[in-house]
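Working notes for the structure below.
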Amino acid sequence: MSFLLILLGKRFIQKLNIRNLEEKRKGTELIQESLENVRDLKALHKTDQYLSRLDDTLEHTERHIVKGELGTGIIVTSAQMILKLGIATVVLVGSIMISNGALSLLEFLVFLLAATRMYDPLSMTLQNLVEMLSAQTKIDRMKRLDSEPEQSGTTSFAPTHFDIEFNDVGFSYHADEQVLSNVSFTAKQGEVTALVGPSGGGKSTVAKLAARFWDATSGTIRLGGIDISSVDPETLLTSYSIVFQDVVLFNDTVMENIRLGRRGASDKEVLKAAKEACCDEFVSRLPEGYQSLIGENGQKLSGGERQRISIARALLKNAPVVLLDEATASLDAENESQIQTALSRLLEGKTVLVIAHRLRTITKADHIVVLENGNVVQQGAPEQLLEAGGVFKHMLDLQEISSNWSL
């Protein structure tokens, strides 16, 4: 009867556990958000307001956890009480049988001893059963994560050229959230192809699809005529040098953070790439130079310094395909000019896909693809787009550089 009560309460226990996990996740996300944005909160005088909201959320989470524990505890305690009734039943039935002469006192004591000794193991079994039901909720979540499709493909990849071709590519994060629709263009080897357009147009998504960080929902993406969905992602990425706007660094030395660009590179090669990326200027100010630790995600460096390390990685890797997401966005005018010179050496003879927000950084682009609301609305050589007018010409006018555009 006790075990039946636990099994009948299984759905209720799992419902409580799911709700508790959701509430804990919300609280954890808010704590993480507050730590990551503490400077912005202080700058905007929102610290007290945010902490008040955080306190309310944590109190709400605490109430849910208490309710969950209470609900589970009531079920377990009720089951244990029913189990204890077994001892009372043995005493009652045994007493009746002794009075009727159907049972001796010694036999009664043996049964009573056996019943009391069985109680503790059965009680622990009930508690363990509830723990197993609670663990099942977490196991189910892990299984859902594990069931996500895994990218795979051949580890043999040797294309004869490195043109990137998008053919009617569509992409969506969810079934009802279409991000890209029928995107088609070719980024040729030896040319700079620039992706431009309003924010949210799909530029970064296109770049990530080109490197197979995600797989296209529809259509095909080819590198050198080979469908990249048939190539193992790690194998494919050996052909890419990537400089994204959000630089990821590790709590290691400057030297090792740059060496991530190419495993096994010598110190001499790392230093050469660093010099070409104009890293010498700021590294010379660090206590131990290139052996200085830069903190978690490079917190000891400025945005421009972090970006230069990322560019040094790309220079060190020297892959045939280069993806740039506004690679000089965090640099001052002097360093930007130096980096542009370094990038020109990096880009020579390669397939280059550039995401551009500041259009003056792509004045030497060979081909421009204009994305708006996930669609290619214009594409062609810069002079063709200028003559055609439309979105590209409008963007140039807004940035007041159309008259200075170098063709």
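Read-outs: derived from the displayed coordinates by stated rules, not from any lab. Not measured: the values here are computed from a predicted model. Here the Cβ positions follow ideal geometry from the backbone for every residue, glycine too, while neighbour counts run over all protein chains shown.
Expressed as an acute angle from 0 to 90° and rounded to the nearest 10, what is the orientation of the C-alpha long axis of helix 47-99 relative to the principal long axis of the chain?
30 degrees
Stokes-Einstein diffusion coefficient for segment 165-269 at 10 °C in a medium of 1.306 mPa s, Rh from the Kirkwood formula over Cα pairs: what value in µm²/s?
So the translational diffusion coefficient is about 101 µm²/s.
Could I get the Rg over Rh figure for the chain? Both from C-alpha atoms, Rh via Kirkwood, rounded to two places.
Using only Cα positions, Rg/Rh for the chain is 1.21.
Could you give the length gained by full extension between E29 and T116, i.e. 0.36 nm per residue of separation minus their alpha carbon distance, to one decimal place?
26.5 nm
Restrict the search to segment 251-305; then list the trypsin sites (Lys or Arg not before Pro) that DSSP places in a loop and that have at most 12 other Cβ atoms within 10 Å of their Cβ.
Within segment 251-305, the qualifying trypsin sites (Lys or Arg not before Pro) (loop, at most 12 other Cβ atoms within 10 Å) are R263, R285.
Would you mind finding the longest exposed-site-free stretch of the chain, with exposed GluC sites (Glu not before Pro) meaning DSSP loop and at most 14 other Cβ atoms within 10 Å?
Maximal segment without exposed cleavage sites: 1-149.
With n ≥ 4 as the cut-off for DSSP H runs, can you work out [θ] at 222 nm for the chain, using -39500 (n - 2.57) per run divided by the number of residues, rounded to the nearest 500?
-17000 deg cm²/dmol
Between the helical axis of 10-36 and the dominant principal axis of the chain, each derived from Cα atoms, what acute angle in degrees is found, rounded to the nearest 10?
Long axis of 10-36 versus the principal axis of the chain: about 40 degrees.
Which entries in K10/K67; K26/K67; K364/K393; K350/K393; K15/K84; K268/K300 show an alpha-carbon gap greater than 19 Å?
K350/K393; K15/K84; K268/K300
Set Lys and Arg Cβ to +1 and Asp and Glu Cβ to -1, take the dipole of the chain about its Cα centre, and tell me which of H367, Q399, S241 lies farthest positive.
S241
Give me the net charge for the shell around G197: Cβ to Cβ below 10 angstrom, other residues only, Lys and Arg +1, Asp and Glu -1.
Net local charge, G197 excluded: 0.
Excluding I226 itself, what net charge comes from residues whose Cβ is under 15 Å from its Cβ, given Lys and Arg +1 and Asp and Glu -1?
Cβ neighbours under 15 Å give a net charge of -3.
I want the antiparallel fraction of DSSP beta bridges within the chain, as a percent rounded to 5.
Approximately 55 percent, going by the DSSP bridge assignments.
Using a simple spin-label model with points 7 Å from Cα along the Cα→Cβ vector, what separation in nm is obtained for H394 and A43?
Modelled inter-label distance: 3.1 nm.
Determine the gain in length on full extension of the stretch T235-D252; use 0.36 nm per residue of separation and subtract their C-alpha separation, reporting nm with one decimal.
So the chain would gain 3.6 nm between T235 and D252.
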